[in-house]
Amino acid sequence: TLLIPEQNDSDIELHEQCQWISEHLGVDVPLHFSAFHPDWKMLNTPRTPAETLTRARDIAHQYGLHYVYTGNVHDKVGSSTYCPNCASLLIERDWYVLGHWGLADNGHCKKCGHEILGYFQDKPGDWGAQRMPVKIMGTL
């Protein structure tokens, strides 16, 4: 969700969105709140403050959403993944760099053993702070 100041960043809209996601999609669906940056035809619209993304993330947690992230801003805490059972840091992200890796080889939390939904490698990648194309293969 691209949060644009005074367009879709009100508490009411955020509560409604998070409640709908929780009720209709489930608490394990990842939700990303991304900051808007003025560009092209919206140069008069201010950029999204980092505090707005943190507020949105906090609201999502009130509805029990497990995997909520902030983006387009530097926010190590908001970009990282935590265990929904014990709140341990599972995957630390700092822009494109992975730090702490708290997943066991089988995709479970190393601390409490809670199963984390998703597909994970045995260890984190080491590609560093750069963007790389990803080829997604498989069937739905």
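Is it possible to state the helix-based mean residue ellipticity at 222 nm for the chain, with each DSSP H run of 4+ residues giving -39500 (n - 2.57), the sum divided by total residues, to the nearest 500 deg cm²/dmol? What is it?
On the way: 3 runs with 31 residues, N = 140.
That comes out to -6500 deg cm²/dmol.
Would you mind telling me the share, in percent, of accessible area of the chain contributed by carbon and sulfur at probe 1.4 angstrom? Don't skip to the answer; put the middle values down first.
Numbers: 5090 of 9450 Å².
The value for the chain is 54 percent carbon and sulfur by accessible area.
No other cysteine beta carbon under 4.7 Å away is the test; run it over the chain and list who passes.
Singleton cysteines: 18.
Which of the listed residues, 4, 121, 34, is farthest toward the dipole's positive end in the chain, when Lys, Arg count +1 and Asp, Glu count -1 at the beta-carbon?
Checking the options against the dipole of the chain, the answer is 121.
Can you work out the accessible area per residue across the chain, with the rest of the protein chains kept in place, probe 1.4 Å, in square angstrom? Mind dumping the intermediate values first?
Numbers: 9450 Å² over 140 residues.
With the other protein chains kept in place, the chain gives 67 Å² per residue.
Helix 50-62 versus the longest principal axis of the chain: what is the Cα-based angle in degrees, 0 to 90, to the nearest 10?
In the chain, helix 50-62 runs at an angle near 60 degrees to the longest axis.
Treating the beta-carbon of each Lys and Arg as +1 and of each Asp and Glu as -1, no other charges, what is the dipole magnitude of the chain about its Cα centre, to the nearest 20 debye?
Details: 11 positive and 17 negative charges, 93 e Å.
With Lys and Arg at +1 and Asp and Glu at -1, about 440 debye.
Which GluC sites (Glu not before Pro) in the range 1-50 pass both tests, a DSSP loop state and at most 14 other beta-carbon atoms within 10 Å?
On the way: sites: 6, 13, 16, 23; in loops: 6.
Here the sparse-neighbourhood loop sites are 6.
Helix 11-24 against the longest principal axis of the chain: what's the angle in degrees, Cα atoms only, rounded to the nearest 10?
40
What is the set of long-range amide H partners of residue 93 at a cut-off below 5 Å, with H atoms built 1.01 Å from backbone N?
Sorted by chain and number, the residues that satisfy this are 80, 81, 99.
What number, in percent, do you get for the relative contact order of the chain if the mean sequence gap of Cα pairs under 8 Å and at least 6 apart is divided by its residue count? Intermediate results must be reported in sequence, preceding the final value.
Numbers: 219 pairs, mean separation 23.2, N = 140.
Normalised by residue count, the contact order of the chain is 17 percent.
State the answer as a single residue: which of 50, 137, 81 lies farthest towards the positive end of the charge dipole of the chain, with beta carbon charges of +1 for Lys and Arg and -1 for Asp and Glu, about the Cα centre.
137
Let's see if you can work this out: charge +1 on each Lys and Arg Cβ, -1 on each Asp and Glu Cβ, no other charges. What is the dipole magnitude of the range 28-78 about its Cα centre, in debye to the nearest 20? Present the calculation step by step, with values, prior to reporting the outcome.
Details: 5 positive and 5 negative charges, 26 e Å.
In total the dipole reaches around 120 debye.
The values are calculated or read from the model by the stated rules, or taken from the named source; none is laboratory data. Here the structure is a predicted model, which means the values were calculated and not measured. All Cβ positions, glycine included, derive from the backbone under ideal geometry; neighbour counts span all protein chains shown. Just the protein is used for accessible areas: all its heavy atoms, side chains included, with ligands, DNA and RNA removed. Shrake-Rupley method; radii C 1.70, N 1.55, O 1.52, S 1.80 Å.
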